[in-house]
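Participant: Please read through the structure below; I'll follow up with questions.
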Amino acid sequence: MPAVHFGVTVPQIKRTFEESRAAATEFEAMGFDSLWVCDHLYGPQAPQIPILEAWSLLAAIAAITERVELGTLVTPAGMRNPAQLGKVIATVDNIAGGRVIAGLGAGWMAREFTDFGVPFLSTGQRLGQLRETVELLKRMWTEPEVTYEGKYVQARNLVCEPKPVRKPPILIGGAGEKVTLKLAAKEADIWNNMAVHHHALEHKTAVLKQHCEAIGRPFDEIVVSQQCLVTIAPNDEAAGPMIETAKKIFGGHMGDPTGPLAIAGSPQRVREQIQKHIDLGCTMFIIEFFGRDTREPARLFAKEVLPHFK
């Protein structure tokens, strides 16, 4: 089993770059393994909500960090020209010195496609875009010149130089059992279970394993990761009101903070919940800390939880 990996999301929505930068550098100093941003062109729920663009932000973070891996959770494949996206990712990986994880998905917010002049296709078509984009990226990062003729993605005589410092690991996010998990079984280095499906981690992992068996791929070649809200406080008494507030604010979008796999409570409780995930085969955690200044709970986590698993 691979080592346990703890990533943390960088403040990005209704935040200035100064806030993002301060958090990113402190998270790295705390000992977290990776930093993540969401890839939306609009703030969730409303276009008026300010949000920093994902790959521009990652490029800046790449330049001010040294060790942590960097990724998006996740980039909608059809929201940008896929060849240009591959070039952007290769460039950020060069800035980072080989630390990028390419997080990819199908997307769901129609207006961040259509308002920017990109068609928002049906779910099945967007999954087709995802499959073809993954195939193109893998080739353009390794081959001298690529011509690709897909139903949704086309490229002719495409050259990507410089290549990424390392071939970026592909993270595929999503929980669709017939298409997304089948694609993850074939193409992903990392599969991420969305927070809204946190409670179904065991079942979704079992489905992914079945798809791997069907195509003859060893299941242990794929890292299972979980997007998760972490609500941590010095003790359970202090955590209780925070958990209730988190439930009101997030609803089910970030999973149920009182659910059986919820990572919430005192440091001891949080450690116990993380171990439950590890026992289910999940060894990578992409954490959204609950709090206005997420560095505060992150400090407690880094002091009381990280050393237990490192």
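The values are calculated or read from the model by the stated rules, or taken from the named source; none is laboratory data. A quick note: this is a predicted structure, and the numbers were derived from the prediction, not measured. When we count neighbours, we look across all protein chains shown, and the Cβ atoms used for this are built from the backbone with ideal geometry, even at glycine.
Participant: Which members of the stretch 100-149 meet the condition of being within 22 Å of Ser225 (Cα to Cα) and outside any helix (DSSP H, G or I)?
Facilitator: Residues satisfying the conditions are Val100, Ile101, Ala102, Gly103, Leu104, Gly105, Ala106, Gly107, Trp108.
Participant: Determine which member of the set Ile274, Ile287 is surrounded by 18 or more Cβ atoms within 10 Å (Cβ to Cβ) and in contact with a Ser or Thr (Cβ under 8 Å, 6 or more places away or on another chain).
Facilitator: The unique qualifying residue is Ile287.
Participant: Looking only at the stretch 55-90, which residues are touching a residue at least 40 places away in the same chain (Cβ under 8 Å) and under 28 Å from Thr147 (Cβ atoms)?
Facilitator: Within the stretch 55-90, Val74, Pro76, Ala77, Gly78, Met79, Pro82, Ala83, Leu85, Gly86, Lys87, Ile89, Ala90 meet the criteria.
Participant: Moving on. For the stretch 236-271, what are the residues that are in contact with a strand residue (DSSP E or B) (Cβ under 9 Å, 6 or more places away or on another chain), of a type in the set (Val, Ile, Thr) and surrounded by fewer than 18 Cβ atoms within 10 Å (Cβ to Cβ)?
Facilitator: Matches in the stretch 236-271: Thr245, Thr258.
Participant: Just to be sure, is Thr205 in contact (Cβ under 8 Å) with a residue 24 or more places away in the chain, among the hydroxyl-bearing types (Ser, Thr, Tyr) and over 21 Å from Leu127 (Cβ atoms)?
Facilitator: Taking the combined requirement at face value, the residue does not satisfy it.
Participant: What residue, of Val146, Val159, Val134, is surrounded by fewer than 16 Cβ atoms within 10 Å (Cβ to Cβ) and either free of Cβ contacts under 8 Å to residues at least 24 places away in the same chain or within 21 Å of Trp36 (Cβ to Cβ) (or both)?
Facilitator: Val159
Yes/no matrix, rows are residues, columns are (1) farther than 20 Å from Ser34 by Cα; (2) in contact with a helix residue (DSSP H, G or I) (Cβ under 7 Å, 6 or more places away or on another chain); (3) in contact (Cβ under 8 Å) with a residue 60 or more places away in the chain; (4) of a type in the set (A, V, I, L, M, F, W, C):
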position: Glu237; (1), (2), (3), (4): yes, no, no, no
position: Ile243; (1), (2), (3), (4): yes, no, no, yes
position: Gly259; (1), (2), (3), (4): yes, yes, yes, no
position: Gly291; (1), (2), (3), (4): no, yes, no, no
position: Lys310; (1), (2), (3), (4): no, no, yes, no
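Participant: Filter the stretch 1-35 down to the residues that are assigned to a loop (DSSP other than H, G, I, E, B) and aliphatic (A, V, I, L, M), then identify the one that is nearest to Val74 (Cα to Cα).
Facilitator: Here the answer is Val10.
Residues are listed down the side, and each one gets a yes or a no for (1) touching a helix residue (DSSP H, G or I) at 6+ places or on another chain (Cβ under 8 Å); (2) surrounded by fewer than 20 Cβ atoms within 10 Å (Cβ to Cβ); (3) of a type in the set (S, T, N, Q):
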| site | (1), (2), (3) |
| --- | --- |
| Thr180 | yes, no, yes |
| Ala185 | yes, no, no |
| His198 | no, no, no |
| Ala214 | yes, yes, no |
| Thr231 | yes, no, yes |
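Listed here are the residues, each with its yes/no results for (1) closer than 27 Å to Gln273 by Cα; (2) modelled with pLDDT of 95 or more; (3) of a type in the set (Phe, Trp, Tyr).
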position	(1), (2), (3)
His5	yes, yes, no
Ser20	no, yes, no
Phe27	yes, yes, yes
Phe32	yes, yes, yes
Leu35	yes, yes, no
Trp55	no, yes, yes
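Participant: Filter the stretch 109-131 down to the residues that are surrounded by fewer than 17 Cβ atoms within 10 Å (Cβ to Cβ) and of a type in the set (Gly, Ala, Ser) and list them by number.
Facilitator: Ala110, Gly117, Ser122, Gly124
Participant: In addition: When you scan the stretch 36-57, do you find a residue that is touching a Gly at 6+ places or on another chain (Cβ under 8 Å), of a type outside the set (A, V, I, L, M), in a loop (DSSP other than H, G, I, E, B) and within 27 Å of Asp115 (Cα to Cα), even just one?
Facilitator: Yes, the stretch 36-57 contains a residue that is touching a Gly at 6+ places or on another chain (Cβ under 8 Å), of a type outside the set (A, V, I, L, M), in a loop (DSSP other than H, G, I, E, B) and within 27 Å of Asp115 (Cα to Cα).
Participant: Continuing with the same structure: Scan the stretch 79-99 residue by residue and report those that are in a loop (DSSP other than H, G, I, E, B), more than 16 Å from the chain's Cα centre (by Cα) and closer than 27 Å to Ala175 by Cα. Give the steps one after another, and end with the answer.
Facilitator: Step one: filter the stretch 79-99 for residues in a loop (DSSP other than H, G, I, E, B), giving 80-81, 97-99.
From what's left, more than 16 Å from the chain's Cα centre (by Cα): 80-81, 97-98.
Selection gives Arg80, Asn81.
Participant: Go through the stretch 100-124 residue by residue and tally those that are without any contact (Cβ under 8 Å) to a residue 60 or more places away in the chain, farther than 19 Å from His253 by Cα and touching a helix residue (DSSP H, G or I) at 6+ places or on another chain (Cβ under 7 Å).
Facilitator: Residues flagged as without any contact (Cβ under 8 Å) to a residue 60 or more places away in the chain, farther than 19 Å from His253 by Cα and touching a helix residue (DSSP H, G or I) at 6+ places or on another chain (Cβ under 7 Å) within the stretch 100-124 amount to 5.
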